[in-house]
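Contents: one structure, followed by commentary.
Here, each number is a calculation from the coordinates, and none is a lab measurement. Computed from a predicted structure; not experimentally measured. Using ideal geometry, Cβ is built from the backbone for each residue, glycine included, and neighbour counts are taken over all protein chains shown.
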């Protein structure tokens, strides 16, 4: 759709490689257009542009992409894909091999945290986690 907002990810030289990698990780994704300088792609209905720019603009934790997962298998899938040459952080966050930060979270996390007592227990549980374990959060 014309005039729809989308996210631009600025890489030093790996835009096309990153776009192809992200499309390989997500079902329901597609590479819209691609060349060594600029790639457009879609992940689960959200569009992105990967652009090669200056090397002095690294990604940091002030920007992340959130992936909500219904099952532990989904969390494990994304965690494995992004941790390959990436860096697990904490509380469901992971930095991929290109430096982009992702939050791999259970789709019910906001629901659990909206309940005052349950929310406190869920926060206590996930502060001890790197990768989220749904069963542990459900039982918190």
Qualifying position, being free of Cβ contacts under 8 Å to residues at least 60 places away in the same chain, farther than 21 Å from residue 62 by Cα and in contact with a strand residue (DSSP E or B) (Cβ under 6 Å, 6 or more places away or on another chain), among 94, 75, 104: 75
Of all residues in the stretch 81-119 being farther than 20 Å from residue 71 by Cα and in contact with a helix residue (DSSP H, G or I) (Cβ under 9 Å, 6 or more places away or on another chain), the one that is surrounded by the most Cβ atoms within 10 Å (Cβ to Cβ): 96
Matching residues in the stretch 53-67 - criterion: being surrounded by 13 or more Cβ atoms within 10 Å (Cβ to Cβ) and farther than 22 Å from residue 4 by Cα: 53, 59
Qualifying positions in the stretch 1-43 - surrounded by 15 or more Cβ atoms within 10 Å (Cβ to Cβ), within 16 Å of the chain's Cα centre (by Cα) and more than 20 Å from residue 86 (Cα to Cα): 29, 41, 42
Scope the stretch 4-33; condition more than 24 Å from residue 73 (Cβ to Cβ), part of a strand (DSSP E or B) and free of Cβ contacts under 8 Å to residues at least 24 places away in the same chain; matching residues: 31, 32, 33
Neighbours by Cβ (under 8 Å, 6+ apart or cross-chain): first from the stretch 110-121, in contact (Cβ under 8 Å) with a residue 60 or more places away in the chain; second in a helix (DSSP H, G or I): none
Any chance residue 85 is over 27 Å from residue 3 (Cα atoms) and in contact (Cβ under 8 Å) with a residue 40 or more places away in the chain: no
